[in-house]
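For reference, the structure is listed below as structure tokens.
The values are calculated or read from the model by the stated rules, or taken from the named source; none is laboratory data. Nothing here was measured: the structure is a model prediction, and the numbers come from that model. With ideal geometry, Cβ positions are generated from the backbone for all residues, glycine too; neighbour counts draw on all protein chains shown.
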Amino acid sequence: MNGPTPLTAAELPTTTTAIGASRAGRLSTLALVLAGLLLLGTWGATLGMLSLQRDETVEAELRQNANLASVLQEQTLRVLAGADQALLRLRDQIKRGEPPDLVALAGETGLAPRILVQLSHIGPDGRFRGSNLDPDGRQTGAIDLSDREHVRVHLGPEGIIDRGLFISKPVLGKVSQRWTIQLSRRISAPDGHGLGVVVASLDPAYFEDVFGGVALGRLGSVALVGQDQVIRARVMGGDSQGMGSKLNPGSPLVQPLAGAMGRYSGRGMDATDPVDRIHAWHQVGTYPLRVSVATATDEVLDSWRTTRTAVLGMAALISLAVLGVTASIVLGLRRLEQRHSLLAAREQQARLAHQAQSRFLARLAQQLRRPLNGLLAIADELPADQAGVVRMGTDQLNQHLLAIQDLALIEAGQMHLRPEPEPLRPLLREVAEALSLLATQRGQHLQLEVAPAVPDYLHCDAARLRQLLEALVRHALLTGGPGRVLLGVRAQDDAVVCHVEAPGNGEASLPMGAQPFALDTEDAEAELGPRLAMALAQALARRMGGQLLGENTGGSGHAVRLVLPIEPPPGGPTPANL
């Protein structure tokens, strides 16, 4: 058979040098490309992670500020609702013509005098009539309040229609002489003409005290803002400031479509506040007020900047390491490639030799079939006794070849089972009948014992189960001495147990797990059949989800035990007597 032509001594160095030079250039380029991709990936991942972490930090701060705004608006809403309830009750008393009980109504709110500075009644002429501080108005006198916005909006020409609750800008009270936020409602007679105005004066300092208790950092801000762009109360960095000032006209907080809740990042609320902050707001019930909570962006991102510095430094160190390693690889590639190219040439020679060997084995297998077929043809011309010997030998050889073929299929994962509910007892009888002749020829008696509790059906591949049992029984017959060989079957829990026992013949039985090709004994030829049978049985048992175990019979004999799980088919026959 013609094989590959090996490289000569003169050709090998020249070929190796050419291959090495070519591959060295390609590998150097590949190393540089990989290094570039690694650096690009490292910096891309680093910058992407930092950007994502920054966004998550800002998003977490926005959620926290939104939660704080929701809590503060609820507290603000309770105060406004309590004061408004007092206004409604006072208005109803005056409409019914009852003397207004200003002191009692103010006290029932629970807001006076700390929050509700004054609960007042203003006449239709805009003059002061009385308050919880001066119920009959004698001490204060009939002060003219018609010029105040919270009174004029209800009594002026534009106040003919009841406008509901009006919340004023912070003003200095003429009666209380304190800065207050005025809540006012019109008193209308049944015919629609005005009977005056009821006013609740709230102290903005209360809101500033509440807002000042929220920890938002050195530059944090909490504010109560009206939709008229005027700040009613604000605490910034722990200090009260900005009350009465107007917001920036472009602030999202005062846009008509801002909504009941919202958030944004940007500059401060008014022109005097240049700090970039993270804002969240919440509307106070149905009132034209919003509570805004803001934290300084620089303070929020302090910890992120620390992390960014550390991560960028680490990325820089990794980049330097990658560059150093790449330089070493590129410098050493040519020397390594010289040796690699030589090994590649030798590997190519080995590969060609292996291909030649494979072709040789294939041809040898074909040639082995010819004498086997010839022997079978000759056996037909021989006397019966001689023909029996020939056929026995060819049958044994055929069994060896089939066992090796099945072992190869199992090891390659190409043996596919087709489990179905199969009658178990007829299958067992077929196995016993098929091997009874071999038992008789060897001076043995094959006995089948099936316990009554064994199920009638077993979910299995009948052909492979028959092959497995025949392999076990054949092994017992070939390795056992004269006497009884037992194939016993019984039920145990959720499994079927097949017990194969043979009498001893003075030789040690084959241990479980023996390798059929590791023939290191003197009588290797005699051991090939039993080893192949047991190896095939072990492989089939594992493939069918069972176990094959060796047993100690206590005498000179040997036994094996096959345990197979019972898996009743859905909707099919159910195992009986279990």
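Before moving on, here are some points about what is shown:
- Residues of segment 254-272 that are modelled with pLDDT under 70, surrounded by 15 or more Cβ atoms within 10 Å (Cβ to Cβ) and farther than 19 Å from residue 208 by Cα: 254, 258.
- Test result for residue 113, within 60 Å of the chain's Cα centre (by Cα), closer than 22 Å to residue 230 by Cα and not hydrophobic (A, V, I, L, M, F, W, C): no
- On the stretch given as segment 125-148, residues that are assigned to a loop (DSSP other than H, G, I, E, B) and either of a type in the set (A, V, I, L, M, F, W, C) or under 60 Å from the mean Cα position of the chain (by Cα) (or both) total 4.
- Residues in segment 93-110 that are closer than 17 Å to residue 123 by Cβ and polar (S, T, N, Q): 93 only.
- The residue that is nearest to the chain's Cα centre (by Cα), counting only those in segment 474-494 that are within 15 Å of residue 563 (Cα to Cα) and modelled with pLDDT of 90 or more, is 491.
- Checked against (1) surrounded by fewer than 20 Cβ atoms within 10 Å (Cβ to Cβ); (2) modelled with pLDDT under 80; (3) touching a Lys or Arg at 6+ places or on another chain (Cβ under 8 Å), residue 171 meets all criteria but (2).
- Close pairs (9 angstrom Cβ cut-off, 6 or more residues apart or separate chains): under 10 Å from residue 477 (Cβ atoms) in segment 434-452, of a type in the set (S, T, N, Q) and not in a helix (DSSP H, G or I) anywhere: 438/444
- Top-ranked residue in segment 151-165 [being assigned to a helix (DSSP H, G or I) and at pLDDT below 65; ranked as surrounded by the fewest Cβ atoms within 10 Å (Cβ to Cβ)]: 157
- Single condition residue 242 does not satisfy, out of (1) more than 23 Å from residue 218 (Cβ to Cβ); (2) modelled with pLDDT under 80; (3) not aromatic (Phe, Trp, Tyr): (1)
- None of 231, 187 is outside any helix (DSSP H, G or I), under 53 Å from the mean Cα position of the chain (by Cα) and either at pLDDT 80 or above or surrounded by 21 or more Cβ atoms within 10 Å (Cβ to Cβ) (or both) except 231.
- Answer residue from segment 275-323, given it is of a type in the set (Gly, Ala, Ser) and closer than 19 Å to residue 246 by Cα and is surrounded by the fewest Cβ atoms within 10 Å (Cβ to Cβ) among those: 280
- Close Cβ contacts (under 6 Å, 6 or more residues apart or on different chains) running from residues in segment 147-158 that are on the phi < 0 side of the Ramachandran plot to residues that are modelled with pLDDT under 85 comprise 153/159; 155/194.
- Residue in segment 26-49 that is modelled with pLDDT under 75, part of a helix (DSSP H, G or I) and not basic (Lys, Arg) present: yes
- Residue that is at pLDDT 90 or above and more than 30 Å from residue 335 (Cα to Cα), where the choices are 58, 71: 71
- When segment 112-124 is limited to residues that are in contact (Cβ under 8 Å) with a residue 60 or more places away in the chain and part of a loop (DSSP other than H, G, I, E, B), the one that is farthest from residue 90 (Cα to Cα) turns out to be 114.
- Any hit, segment 400-419, residues being of a type in the set (A, V, I, L, M, F, W, C), modelled with pLDDT of 90 or more and under 52 Å from the mean Cα position of the chain (by Cα): no
- Residue 507 at pLDDT below 90, buried (at least 19 other Cβ atoms within 10 Å of the Cβ), of a type in the set (Asp, Glu) and outside any strand (DSSP E or B): no
- Residue in segment 540-552 that is surrounded by the most Cβ atoms within 10 Å (Cβ to Cβ), counting only those that are modelled with pLDDT of 85 or more and within 26 Å of residue 396 (Cβ to Cβ): 540
- Residue pairs whose Cβ atoms lie under 9 Å apart, sitting 6 or more positions apart in sequence or on different chains, and linking a residue in segment 547-559 that is assigned to a loop (DSSP other than H, G, I, E, B) to a partner that is of a type in the set (S, T, N, Q) and at pLDDT below 85, are 556/505; 557/505; 557/509.
- Looking across segment 443-468, just one residue is of a type in the set (Val, Ile, Thr) and not in a strand (DSSP E or B), and that is 454.
- Given (1) touching a helix residue (DSSP H, G or I) at 6+ places or on another chain (Cβ under 7 Å); (2) surrounded by fewer than 15 Cβ atoms within 10 Å (Cβ to Cβ); (3) of a type in the set (A, V, I, L, M, F, W, C), index of the condition residue 116 fails: (2)
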